[in-house]
Amino acid sequence: MPELPEVEVVTQSLIKRIKNCKINSVKVYNRSLRYKVPFQFEKYLKNKIIKNIRRKSKYIIFEFNYNNYLILHLGMSGTLHIPQMKSGISNLSFYQSPQIPIKHNHVIFNFVKYKLIYNDPRRFGYFKILKNKQEFDMYFTRIGPEALDRKFNLNYLLNKINNRKKNIKNFLLDQKIVSGIGNIYVNEILFKSKILPSKSVRKLSILDLKKILKFSRSVLRYAIRQGGSSIKDFKGLSGNNGKFQTRFKVYNRDKKYCLSRNCNGVIKKIYISNRSTFLCNLCQN
DNA sequence: CCGTTAACCTGAGAGC
DNA sequence: TGCTCTCAGGTTAACG
């Protein structure tokens, strides 16, 4: 499901609801996620207080005391859900359906007032426990700076490009290079930058790179303000759907008219490394 | 080292 | 209605 904006919306929702709450118990119904849920998982989390929740690229980080962390990656279809409790506390649901989809509820965290449910039909998501600052830092060496970070700048890009011949789309999707951008937003960013997704990074001008930096930030920030994208049934804390999907310029707009002013082009769908790619041949080159 | 592909899963929707 | 096929917001091991 989620790229950086959706994970940010979920994280902000969680902060409002379960920051400073104690995990009374954890129940794992299916340990076969992307990586096996470890055996000590339930025991380890029992009675831990969530001191803070934050996001790093597409990861949600639950922070406990003494530099203990729980990392959650939502994969393609992972969602979190807080069902309505008798106390009258409102629903926190990332589904449009009022019913909780029980079948793929794999992990449930029990708090005093809430249950937090992890649901994931495809099971590409996963949890990871990190027991100290060193493990934490080590873990995140796998990803590059996130797209909203100042470290993602012109010098960094020039260094990373260094004569590679990868196309710009795969380059931006490579989380080791820059993290947080996924298949929706990479299409939108390249459209705004007026650059063809298939273009080799070594052929990009300095101006191109500046546009990529600028629009990476503006598109992601705007998507966050819009509450993320709801392609299927993503919802934030307030129960509102994300609205960014109504702002798509190219994603899922195959055969529709290009929305650029004074452009008579039609959005085309192609495949790059087996992933759908949307572009306007007239605007992007 | 670099770039690409297959694989991990289930469900929704299209086409017949 | 039901079958088969393709595709989906991600990551990464394996390969040439």
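Among the residues of segment A:27-50, at least one is touching an Asp or Glu at 6+ places or on another chain (Cβ under 9 Å) and free of Cβ contacts under 8 Å to residues at least 40 places away in the same chain.
Of all the residues in segment A:178-225, those that are outside any helix (DSSP H, G or I), within 16 Å of the chain's Cα centre (by Cα) and free of Cβ contacts under 8 Å to residues at least 60 places away in the same chain number 1.
Screening segment A:127-161 for residues that are within 27 Å of residue A:271 (Cβ to Cβ) and within 13 Å of DNA strand B (Cβ to nearest atom) and picking the one that is surrounded by the most Cβ atoms within 10 Å (Cβ to Cβ) gives A:144.
So which strands (runs of 3 or more DSSP E) stay within segment A:3-68 end to end and still have 2 or more residues that are touching a helix residue (DSSP H, G or I) at 6+ places or on another chain (Cβ under 7 Å), surrounded by 13 or more Cβ atoms within 10 Å (Cβ to Cβ) and at pLDDT 95 or above? Quick ask: steps written out before the conclusion?
Values: elements: A:25-28, A:52-56, A:59-63.
Qualifying strands (runs of 3 or more DSSP E): A:25-28, A:52-56.
Based on this model, can you work out whether residue A:163 counts as over 17 Å from the mean Cα position of the chain (by Cα) and either at negative phi or of a type in the set (A, V, I, L, M) (or both)? Spelling it out, it is not the case that residue A:163 is over 17 Å from the mean Cα position of the chain (by Cα) and either at negative phi or of a type in the set (A, V, I, L, M) (or both). Considering only segment A:238-282, how many residues are away from DNA strand C (no atom under 16 Å from the Cβ), surrounded by 13 or more Cβ atoms within 10 Å (Cβ to Cβ) and not in a loop (DSSP other than H, G, I, E, B)? Of the residues in that region, 1 qualify.
The values are calculated or read from the model by the stated rules, or taken from the named source; none is laboratory data. Bear in mind that the values here come from a model prediction, so they are computed numbers and not experimental data. Note: ideal-geometry Cβ built from the backbone for every residue, glycine included; neighbour counts use all protein chains shown.
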